[in-house]
Structures are given as structure tokens and as C-alpha cells.
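The values are calculated or read from the model by the stated rules, or taken from the named source; none is laboratory data. Values in this document were obtained by computation on a predicted structure and should not be read as measured data. Neighbour counts are summed over all protein chains in view; Cβ atoms, including those assigned to glycine, are modelled from backbone coordinates with ideal geometry.
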Amino acid sequence: MQTVKSITVIINPAAGNDTGARIRPEVEKTFKQLFPQHELFFTEPGSKANAIALGAETVADLIVVLSGDGTLHDIAQGVLSRPHTDRPAISIIPIGSGNDYARTLGVSTDPLEAIRDLLDGVRVCADVGRCNQTWYLETLSFGVDAAVAISTVNLRKSTHTSGALLYAHAAVLAIVRELKAHRVRYNIDGRLFDDELLILAVQNGPTYGGGFRIAPRASITDGFLDVCTGKKVGALRALFYLARIFSGKHEVYDTFDAYKAKNLVIDLDEPVPVQCDGEEQHGTHFEISVIPRALDVIVPAHSPVLKIAENTQGLTVSDERSVDA
């Protein structure tokens, strides 16, 4: 498999309450020290449209994104719009509030350690999800959990919290103030359902909300999406389940159902909150599918993704180091 000779580092200066701007000099210095033989280019995404354009047009072998899940999501839209053979690999240095995709990849939350881990990084061919015209890397959800994810944007500014604590705070507020189930008609690989649901998550990776393990068996290399549904319950029961979802132990309860899926169609009677990698979506009809092995990602040599991929017949992992030191 082709190794990496050129690297574009896209730095979101506003990510992590301006952490990107604060650590940019040290990040650039570390890259130049560790990768002296590589072509290095450092830039900022600017706007959402510019981030998508960078993904679509960057000529480097590897794009490293110093950001949270949102900027990575935008850049991935551009990368995935390209012909498969023309797509650069991607990796992330997580400095956002959720960092769920980085968690799935096993990337350190210490930016300098994450850069050092690229030296022995391994290229993995990862699946992606697609919802209508949008690709997603980790999570898609409908209803109360989507409403919680969307509300964290403003709550983060007022509480100065992040990660699972931020999501838990938002979830408790949503459960106490307004807990509403929605009628959902959905088709999972030809199986038809019609339910009143509080939760409907269609996951590529196992977590959302900064570490809540809504789909604990999800894998980005198995060729499937993992669907979790949660039936209507009262507020006290919902609070009880919230802690179980965090640890991934909720599926033992009859309230929840879990499925593996390649294709889904979801129809709603009315618009409900919908989020895709933390980005708000709109509509009442959603066609969802998994695109196997659509995106090359560079993961640390100790990444849990590698063990999972080996268990799927080793078809998705390069035998070579992907970044030449």
C-alpha cells in the first residue's frame, strides 16, 4: 500500500475553546521535527464551505485534522466526493468537545502524543455511513438523543464543559424538561417496523455524545451499520437508562433493540431533531446505507480498530507502516 510522503495539516483555531490557535505553533514545530523528509503544509478551514473544498482539492497523501468532530465531518464530505482512487488518507488530532471518531480510532487526546503516534501509524480501510446526500463517520441519530447533541453547542459555551459530562448535562435537561417519543416507520434491510421511539441511532462507530456507548459492538471495518432503538419510557426510567448507555450495558433491557444493517429507510410523520456527526439535519424521509472500505484512515499502532479488523479476515489493514519516518 502506498506510504505517505506529503501531509496537509488542517487546524481549526476555534476548536476546543480556541485550543487550536493556542497550540498551533507547537503543533507545527512537532510535525517539522518528526517528519523532516515530508512535504508539510499547514492551513485553516475558515468556513464550512472551505473545509469541504479542502477535502475535495488537497493533493497531499494524508490530511491530518486538528479539530473536533464537526470540522472533520466537513472535510470528509470533500474527501468522499472524490473518486475512490484519488482520496487521501485522513487522521485526526482531537481537540473538540466530543471526539467520538478519535475515540473509535484510538487516537490520544494529547495532541503531541497523537502526532508522535503517526510515526508508526497504520492505514485502515474504514466504512462510512451515508444519509441522503451526507456522508458520516461515526454517528447518526433521531429524536431525543439528536436533540441533546444539537443542544450541546450552546450549553458548552455557558457551562465550559465538554465530552460525556457535557452530553450528560444536556441529556438530563432534555429528560426533565421535555421527553417526547416520535412515531417512526423504518425499513432495515427489508424488515418493516412502526414504533413510538425515544431513541433511534444508526452508528458506524460505537459512541456518541463524547463517549456514550450507544452501539457497543459497532465497528468501522465490518461492513455494517449498528442500529439501536429505544422505546417510550417515563423520565425516571430514562434517567436510569442514561447511565447504562454510557457504559454500553443498556441492551439487556427490553426497552432497547439492536440490529446490524446495510440499508435503512426512515420515515417520520413530522420533522424531529436529527444529527449527523453532530451536524443538524432536516427532513422526514431518510435513506441510509453503509459504504464499506470507503475511506483510508491512519490509526495508532495500538488502536483497537486493528484487532477488530484482523478478526474480519484481515482484509482492511495494510501490512506496511503508512507514514515513512
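If I filter the stretch 241-261 down to residues being over 20 Å from Arg103 (Cβ atoms) and surrounded by 14 or more Cβ atoms within 10 Å (Cβ to Cβ), which single residue comes out as modelled with the lowest pLDDT? So the residue we want is Tyr241. Checked against the criterion of being more than 17 Å from the chain's Cα centre (by Cα) and of a type in the set (Lys, Arg), the candidates Arg130, Arg103, Arg123 yield just one match: Arg123.
Conditions (1) in a helix (DSSP H, G or I); (2) assigned by TED's automatic domain parsing to the domain that holds Arg116; (3) surrounded by fewer than 20 Cβ atoms within 10 Å (Cβ to Cβ); (4) in contact with a helix residue (DSSP H, G or I) (Cβ under 6 Å, 6 or more places away or on another chain), marked per residue:
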| residue | (1), (2), (3), (4) |
| --- | --- |
| Pro13 | no, yes, yes, yes |
| Gly20 | yes, yes, no, no |
| Gln33 | yes, yes, yes, no |
| Leu40 | no, yes, yes, yes |
| Asn50 | yes, yes, yes, no |
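Which residues, taken from the stretch 264-286, are of a type outside the set (A, V, I, L, M, F, W, C), out of contact with any helix residue (DSSP H, G or I) (no Cβ under 8 Å at 6 or more places or on another chain) and within 16 Å of Gln133 (Cβ to Cβ)? If the condition is that a residue be of a type outside the set (A, V, I, L, M, F, W, C), out of contact with any helix residue (DSSP H, G or I) (no Cβ under 8 Å at 6 or more places or on another chain) and within 16 Å of Gln133 (Cβ to Cβ), then Gln281, His282, Gly283, Thr284, His285 are the ones that fit.
Among residues of the stretch 254-282 that are on the phi > 0 side of the Ramachandran plot, those with a Cβ under 7 angstrom from a residue that is in a strand (DSSP E or B) and not hydrophobic (A, V, I, L, M, F, W, C), sequence gap 6+ or separate chain, pair up as Asp277/Tyr136.
Is one or more of the residues making up the stretch 240-256 polar (S, T, N, Q) and over 21 Å from the mean Cα position of the chain (by Cα)? Within the stretch 240-256 (the criterion being polar (S, T, N, Q) and over 21 Å from the mean Cα position of the chain (by Cα)), the answer is yes, since at least one residue qualifies. Among all residues of the stretch 237-255, there is none that is touching a Ser or Thr at 6+ places or on another chain (Cβ under 9 Å), in a strand (DSSP E or B) and not assigned by TED's automatic domain parsing to the domain that holds Thr104. In the stretch 66-85, the residue that is surrounded by the most Cβ atoms within 10 Å (Cβ to Cβ) out of those that are over 13 Å from the mean Cα position of the chain (by Cα) and not in a helix (DSSP H, G or I) is Leu66.
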